[in-house]
Each structure stands twice: as structure tokens, then as C-alpha cells.
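Right, one structure below, let's go through it.
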Amino acid sequence: MLLEVDNAGQFTVQTVDIAEDDALSARYGERIPVLAASGTDVELDWPFDHEDIGAFLREARNKTV
């Protein structure tokens, strides 16, 4: 779904499997999947839709500029 949202190539998507990482499992637990903008505190927990992803990307873009 994330790749379907137009982000004008400004972001790189990285998939992280938290199953093997206790710290990430504790942090994200039942919130997964979670979108997180690296270098910011911007996160989007499931459930989300295309509109939510668009808002997440706009917020992340504003925080990284």
C-alpha cells in the first residue's frame, strides 16, 4: 500500500522484521505494521489507509526538511 502512494521518490522504503529484535518487539509489539520516518519521531501504526499514508508522508517530509 505504501508503494501505491505518490511520494515523488523522496523516500526509501526499508522493511524491518522485528521478530528477532527484542528491543523492536517491545517498542512496536501489537502496533505492527508501523511506518516510521527515519530521523524523526513520525510514526504511523496499523490500521491505516491511503489517506493516512499520504498524511504520514507529508508530516515526515516537513520534519526532514
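The values are calculated or read from the model by the stated rules, or taken from the named source; none is laboratory data. None of the values given here were measured: they were computed from a predicted structure. Note: ideal-geometry Cβ built from the backbone for every residue, glycine included; neighbour counts use all protein chains shown.
If I ask for residues that are exposed (fewer than 12 other Cβ atoms within 10 Å of the Cβ) and either hydroxyl-bearing (S, T, Y) or on the phi < 0 side of the Ramachandran plot (or both), which ones from the range 17-30 would you list?
Those that are exposed (fewer than 12 other Cβ atoms within 10 Å of the Cβ) and either hydroxyl-bearing (S, T, Y) or on the phi < 0 side of the Ramachandran plot (or both): D17, A19, E20, D22, A23, A26, E30.
State whether the residues of the range 22-30 include one that is among the hydroxyl-bearing types (S, T, Y), in contact with a strand residue (DSSP E or B) (Cβ under 6 Å, 6 or more places away or on another chain) and at pLDDT 90 or above.
yes
Looking at D22, D41, which is the one that is of a type in the set (D, E) and in contact with a helix residue (DSSP H, G or I) (Cβ under 8 Å, 6 or more places away or on another chain)?
Result of the check over D22, D41: D41.
So which residues in the range 31-46 are at pLDDT 90 or above, part of a loop (DSSP other than H, G, I, E, B), closer than 21 Å to R61 by Cα and of a type outside the set (D, E, K, R)?
Within the range 31-46, P33, A37, T40, V42, W46 meet the criteria.
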